[in-house]
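Peer 1: What follows is a structure written as structure tokens; I'll ask about it next.
The values are calculated or read from the model by the stated rules, or taken from the named source; none is laboratory data. The model shown is predicted, which means the values in this text are computed figures rather than measured ones. Note that we place each Cβ from the backbone using ideal geometry, even for glycine, and neighbour counts take in every protein chain shown.
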Amino acid sequence: MHIKAGSKPCLRVDGVLRTADLPAFDMDEVERFALAMMNDRQKNLFAEKNEVDFALTLPGIGRFRTNVFKQRGSVGLAIRRVISEQLSIAELDLPPVVEELVQEPRGLILVTGVAGSGKTTTLNTMIDHINKTQQRHIITIEDPIEVLHKDINSFVNQREIGVDTDSYADALKHVVRQDPDVIMIGEMRDMETAQASLTAAEIGNLVLSSLHTIDAAETINRIIDLFPPYQQKQVRIMLAATLKGIISLRLLPRVGGGRIPAVEVMVSTATIKEYIVNEDETSKINEAIEQGGYYGMQSFDQALLALIEADKIRSEDALAMSSHAHDFKLKAKQAGHFVA
């Protein structure tokens, strides 16, 4: 839900923004509404920074991620409902190889995609799967905490930036002394966080995190580019040694309503490791993904074709989301699907 003074609220449903059948709010109403949702710490932060991000639980209604900000001198809000019911990996329409990846005892697994593509839901589903099937100490570091995890078979500690720790970097400096088995980092934002994540994976933890990147190859390049040139060769070696897989998401309209993810999966095979270490061959990663079906890998275009064949998405929506539109159209036609 989007709220600002002078306009009717808007709702984004299944990716489409729609005007709500509600009256417009004035400036004072929006500000009162925003302040009523915040505690004293959040109010002080908003007064200082003119924006604040937090999670809010309404008993019997749900949990919401909320951003309050200033626009043209007045208050605006963006409120997103967090799915509180824990769906399984299969129920989220994620490939079976995702379940195999979270069984890894150590290493780095990354979930990527644009904003609103389902990264947080996917990460928390992976944590929930570990919690239900393994006895491990899980520590999450989030900004803010969105999904609350109760101890099932695992022991879970959730730390929120600004409440339980000052920053991702500060939390990661101390996390290895907290005896974790699994570390979930809400977002890999900078070089310091990336370095700490790689180190934590290198010393024997399973590390899960997210990045705002569009596919696996871009994810690898983005991580390497966080570091200065003189460190990049060493980072390539560390990344090749620790990376277990990359899960990249794009949400599409589902036939019959709702949305469904197209999922690119890269599994770190010997060939992928070689392409990561060798800068001149990193561009071959996309080709390796397309040829890696034996390991559970699939490219976005392969995932889109499978969804068309299962009558779960429309061909025109698939074309709009494809990585290489011309090549995708040819592949779709060869498979007997009409793509306009």
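Peer 1: Kindly indicate whether any position in the stretch 158-170 is surrounded by 15 or more Cβ atoms within 10 Å (Cβ to Cβ), closer than 18 Å to VAL111 by Cα, at pLDDT below 90 and out of contact with any Gly (no Cβ under 9 Å at 6 or more places or on another chain).
Peer 2: Checked against the condition, which is being surrounded by 15 or more Cβ atoms within 10 Å (Cβ to Cβ), closer than 18 Å to VAL111 by Cα, at pLDDT below 90 and out of contact with any Gly (no Cβ under 9 Å at 6 or more places or on another chain), the stretch 158-170 yields no hits at all.
Peer 1: Now for a separate question. From the list GLU104, GLU99, exactly one residue is charged (D, E, K, R), part of a helix (DSSP H, G or I) and at pLDDT 95 or above. Which is it?
Peer 2: Details: GLU104 fails: part of a helix (DSSP H, G or I).
Exactly one residue qualifies, and that residue is GLU99.
Peer 1: Can you name the condition, by its number, that SER84 falls short on among (1) out of contact with any Asp or Glu (no Cβ under 7 Å at 6 or more places or on another chain); (2) of a type in the set (Ser, Thr, Tyr); (3) surrounded by 18 or more Cβ atoms within 10 Å (Cβ to Cβ); (4) at pLDDT below 95?
Peer 2: (3)
Peer 1: Only one residue in GLY118, GLY62 is out of contact with any helix residue (DSSP H, G or I) (no Cβ under 8 Å at 6 or more places or on another chain), surrounded by fewer than 16 Cβ atoms within 10 Å (Cβ to Cβ) and at pLDDT below 95, so which one is that? Lay out the reasoning, then the answer.
Peer 2: Details: GLY118 fails: surrounded by fewer than 16 Cβ atoms within 10 Å (Cβ to Cβ).
On inspection, the qualifying residue turns out to be GLY62.
Peer 1: For ASN153, are the conditions met, namely being in a loop (DSSP other than H, G, I, E, B), without any contact (Cβ under 8 Å) to a residue 24 or more places away in the chain and in contact with a helix residue (DSSP H, G or I) (Cβ under 9 Å, 6 or more places away or on another chain)? It would help to see each step written out before you state the result.
Peer 2: Details: in a loop (DSSP other than H, G, I, E, B): yes; without any contact (Cβ under 8 Å) to a residue 24 or more places away in the chain: yes; in contact with a helix residue (DSSP H, G or I) (Cβ under 9 Å, 6 or more places away or on another chain): yes.
So ASN153 fits the description; yes.
Peer 1: Going through the stretch 47-73 one residue at a time, which ones are among the acidic types (Asp, Glu) and in a strand (DSSP E or B)?
Peer 2: So in the stretch 47-73, the residues among the acidic types (Asp, Glu) come out as 48, 51, 53.
Residues satisfying the conditions are GLU51, ASP53.
Peer 1: When only residues in the stretch 2-16 that are modelled with pLDDT under 95 and closer than 27 Å to GLU142 by Cβ count, which is surrounded by the most Cβ atoms within 10 Å (Cβ to Cβ)?
Peer 2: ARG12
Peer 1: Something else now. If I filter the stretch 326-339 for residues that are in a helix (DSSP H, G or I) and in contact (Cβ under 8 Å) with a residue 40 or more places away in the chain, do I get at least one hit? Talk me through it step by step, then tell me what you get.
Peer 2: Initially, the stretch 326-339 is screened for residues in a helix (DSSP H, G or I), giving 326-334.
Then drop every residue that is not in contact (Cβ under 8 Å) with a residue 40 or more places away in the chain, which leaves none.
Within the stretch 326-339 (the criterion being in a helix (DSSP H, G or I) and in contact (Cβ under 8 Å) with a residue 40 or more places away in the chain), the answer is no, since none of the residues qualifies.
Peer 1: Among the numbered conditions (1) over 28 Å from ARG41 (Cβ atoms); (2) surrounded by fewer than 21 Cβ atoms within 10 Å (Cβ to Cβ); (3) touching a residue at least 40 places away in the same chain (Cβ under 8 Å), tell me where HIS212 comes up short.
Peer 2: (1)
Peer 1: Tell me the residue from ILE289, ILE313 that is touching a strand residue (DSSP E or B) at 6+ places or on another chain (Cβ under 9 Å) and assigned to a helix (DSSP H, G or I), please.
Peer 2: Numbers: ILE313 fails: assigned to a helix (DSSP H, G or I).
Criteria check complete, one pass: ILE289.
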